[in-house]
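For reference, the structure discussed in these notes is given below.
Every number in this text was worked out from the coordinates using simple rules, so none of it is lab data. As the structure is a prediction and not an experimental result, all values here were calculated from the model. Every residue, glycine among them, receives a Cβ derived from its backbone with ideal geometry; neighbour counts consider all protein chains shown.
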Amino acid sequence: MYFPPAIIGMASQQSQTPQTQANMTITPAQGSNMQTRNGDGGSLMGNTPPIFYGDRAQAQEFLNTITIWKVVNYKKEVIKDPYTRTALVLTYIKGDNVNSWAKRQLDILNVKQQNNPDPNGTPNETWWMDFE
C-alpha cells in the first residue's frame with residue numbers, strides 16, 4: 001500500500017533531501033474485513049469464510065457465509081466464473097471428515113471442464129449449482 005507524502009509544509013521542505021517510502025503489500029489475516037474496491041480485480045471483499053472441517057452442525061452456517069461472500073463479490077472474476085468459484089470454495093473445506101469428498105468434487109469439476117461442450121471453454125453455471 002502506498003502512502004503519498006503530506007502536502008502540508010512541502011514548500012518549506014523543497015530544499016531538503018526528499019524522503020523515500022517503501023511500497024508494501026499488506027495481506028489481511030483470515031477472517032479480517034480488509035477491502036479493496038477496485039472493480040473486477042483485486043482482493044475479495046468482506047470476511048473470508050471460516051474453514052469448514054465437516055461438522056454437520058456448522059454446515060448451514062458455512063453455506064450461508066459462502067452465499068453472502070459470493071453476493072458481496074459478484075463483480076470479481078473469480079466469483080463470476082463457476083469453475084474458479086467452486087474451486088475457491090473447496091479451499092475452505094478441509095479436514096479428515098471432508099478431504100476425500102472435497103477431492104472428489106474437484107475431480108468432478110475438472111472432468112466437467114475437460115468435457116465442456118462450449119467451444120470457448122466457458123464454464124456452465126450448472127456446475128456451481130451441482131456443487132452447491
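Some observations on this one:
- Cα gyration tensor category, rounded, prolate or oblate, for the stretch 30-131 with a/c compared to 1.5: oblate
- Look at T84, T126 and count the other Cβ atoms within 10 Å of each Cβ; fewest to most, that gives T126, T84.
- Note on M45, M129: ascending count of other Cβ atoms within 10 Å places them as M129, M45, the fewest first.
- M129 versus N99: modelled label distance in nm, points set 7 Å from Cα along the beta carbon direction: 3.4 nm
- Exposure proxy order (Cβ contacts within 10 Å, fewest to most) of Y74, Y53, Y92: Y74, Y53, Y92
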